[in-house]
Amino acid sequence: MRLPDSFLDDLRNRLSLSAVVGRKVTWDMKKTNQAKGDWWAPCPFHQEKSASFHVDDRKGFYYCFGCQAKGNVFGFVQESENVGFMEAVEILAAEAGMEMPARDPKAAEKADLRTRLAEVTETAVKWFRLQLSTQAAAEARAYLDRRGLAKATLDRFEIGFAPGTADGLIRALEGKGIAWDLIEGAGLGVAEDDGRRRDRFINRIIFPIRDARGRCIGFGGRAMNPNSPAKYLNSPETALFDKGANLYNLRDARAAVGKGQPLVVAEGYMDVIALAQAGFEAAVAPLGTAVTERQLQMLWRVSPEPLIALDGDAAGQRAGLRVADLALPLIEAGQSLRFAILPEGQDPDDLIRAEGAPAMRRILDAAKPMLTLLWTREIEGKDFDSPERRAMLDRALRAVVRRIKDPSLRRHYGEEIARLRAELFGLSPGQTVVFDAPPPPAPPPSGRDFVPNPAYRRDRKNWKGGRALPAQPQTATRASALASGAMTPEILLEQVVLAGLVRHPTLIAEFTDALEAETWSRDMHGAIAQALLTLDPEAVPEEAGETLEARIGPETLETLLAQRHVRISPVMRGDGGGARQCIRDALKRLGAQRGADRERREAMEDFEEGADEAMTWRLAQAGKRKSAALRSREEERVGDGETSFADYYDSLLATPAGKTKREK
């Protein structure tokens, strides 16, 4: 079966090579330049310790300087999974959420049709280019000259002209033996109701549109007649041209980003051309439509933080907010947007012609983070002089934060919004509202300072290769953040999960998603989780322990494993199988409890605006689900079969500070 080129191209656009390779390697972040798409790691195809395996995310190729392995994303899956090409495509398609093309002859016919349509558009590019030098294009040349476009720029962007004749292009193409159905299929000809055929582009300056592979897939036309109903006209959707899945100048912009230039997203063709001519070569634009989700993903494949250049008028601001709202659920660490706001009434082309490239550079250097744009929308022109208005602001801000899917980023947004809100209302840090974050732990009770258990030092021999650390003074000042504050059920469960993975590092690979996605109650828990994610999955326990000590400190590790509720937990005894089930059960309970707590918080927020029977019912149901999450019984048994996981957790969560009923 021959797969359509468009399908393979779409698959490449949706999945970055670094993301696919990243599942098999541990990146050397000292050598990696993520912003340039330049990734390094030890080769997954041969045993080595140095980072000689190189991934070029811009070009979509990998190469190992040790074993000379090389290829693209499909070749990597073939080699790493030991599968054929079609199986590799199926694996990647499933990951990208794409359906495989139907296995029938029609797929090959469609691929062949796109190839023939591309040949038609290339012929049209040459014809339009020739027309720009004719007498009929004198006015168009004068217009381009007034816009300050040099001949080298016209040649680089292949700018052409469609004369005022009704069917000049059709006659030229048919004269070369090209059939009408291909002319119409390429979006270059229109059949009228009366049977006549005319060119789609008449008396317009023509901008060829090329995809990431360099094929001409369509055209944009700028009307020379000021009374034309459409100032700009694009090719229609065709088998070759998908407006929402392409960007103007993407191929050249990607190359410029690879040389260190920032990726700039402008509104239209002339903005991109003016930016490129002024030295900002990494400029792109959507194709006559608002930016789409697919286009955002394409932008992030080229640069982790594109700059959106907004026209300095109300329409430009609205367009920027639409992009921000679209991007909000998609952003994550290393994948966001910044917004460069131009002076009122100017677009990039206007600014460059009026004040030159330095003025544009200042605007780009002053680009604002996405949160600034969203914050300004919520407060600009509004007065918050009453509790009701402040509550409305809080509700709007919470709605913004909740749309962010990445837990870590959502927490940072919540913290920054709380800071901005405090500044707006003149509040002290202690009076700020926390947005989408767990409540701060209560201060530690008097006399409950943690002192590490001496037995822990002896137990460390189990995973430190028989070498115990020298004894250190055991004072209350050595108690870390792990042992301070109120031990809530969430904190207890989180510490059991982390301790289990410390004792059984071979299980980390199975719980990578949970470690990355979990919203940790304490910053120290998050630091331990990040350290666990950096461990070599093949490391023996003693090597893993030494690595963790180097990254988070021996005292932090000691404090975690010496907690009473950790020492008596099933993860500290038995084999990896028992620990695996214990960790899985703890994560399940965490998820269930947090889901119930979240629903309760949301119901309470709505409750503040007015209680009713439905609201009361929601609160009751949330309470029942939380109770069930904490008290559910499991069939699995621990180690010798004497104590079930549920028995341990019920005992753990039913008593303060992790004391079991027997110990209490």
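The values are calculated or read from the model by the stated rules, or taken from the named source; none is laboratory data. Just so you know, these numbers come straight off a predicted model, no measurement behind them. Positions of Cβ are backbone-derived with ideal geometry, glycine not excepted, and every protein chain shown enters the neighbour counts.
Just a few scattered comments:
- Taken together, the criteria place residue 27 among residues that are aromatic (Phe, Trp, Tyr) and in contact with a helix residue (DSSP H, G or I) (Cβ under 9 Å, 6 or more places away or on another chain).
- Against the criterion of being outside any strand (DSSP E or B), within 20 Å of the chain's Cα centre (by Cα), at pLDDT below 80 and within 19 Å of residue 334 (Cβ to Cβ), residue 19 does not qualify.
- Top-ranked residue of the stretch 299-331 - restricted to ones that are surrounded by fewer than 17 Cβ atoms within 10 Å (Cβ to Cβ) and within 21 Å of residue 408 (Cα to Cα), ranked as farthest from the chain's Cα centre (by Cα): 325
- Residue match in the stretch 26-34 (condition: at pLDDT below 85 and either buried (at least 18 other Cβ atoms within 10 Å of the Cβ) or assigned to a loop (DSSP other than H, G, I, E, B) (or both)): no
- Just one of (1) surrounded by 24 or more Cβ atoms within 10 Å (Cβ to Cβ); (2) at pLDDT 90 or above fails for residue 277. It is (1).
Residues checked against (1) over 39 Å from the mean Cα position of the chain (by Cα); (2) assigned to a loop (DSSP other than H, G, I, E, B); (3) touching a residue at least 24 places away in the same chain (Cβ under 8 Å):
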residue: 121; (1), (2), (3): no, no, yes
residue: 127; (1), (2), (3): yes, no, yes
residue: 133; (1), (2), (3): yes, yes, no
residue: 137; (1), (2), (3): yes, no, yes
residue: 143; (1), (2), (3): yes, no, yes
residue: 174; (1), (2), (3): yes, no, no
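- Condition met for residue 55 (in a strand (DSSP E or B), modelled with pLDDT of 85 or more, over 30 Å from residue 113 (Cβ atoms) and not polar (S, T, N, Q)): yes
Condition check ((1) outside any strand (DSSP E or B); (2) within 20 Å of the chain's Cα centre (by Cα); (3) closer than 22 Å to residue 162 by Cβ) across all residues:
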site: 214; (1), (2), (3): yes, no, no
site: 233; (1), (2), (3): no, no, yes
site: 261; (1), (2), (3): yes, no, no
site: 270; (1), (2), (3): yes, no, yes
site: 276; (1), (2), (3): yes, no, no
site: 284; (1), (2), (3): no, yes, no
site: 291; (1), (2), (3): yes, yes, no
site: 297; (1), (2), (3): yes, yes, no
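- Unmet requirement for residue 233, which otherwise passes all of (1) touching a strand residue (DSSP E or B) at 6+ places or on another chain (Cβ under 6 Å); (2) touching a residue at least 60 places away in the same chain (Cβ under 8 Å); (3) assigned by TED's automatic domain parsing to the domain that holds residue 152: (2)
- Selection status of residue 597, more than 30 Å from residue 394 (Cβ to Cβ) and modelled with pLDDT under 80: no
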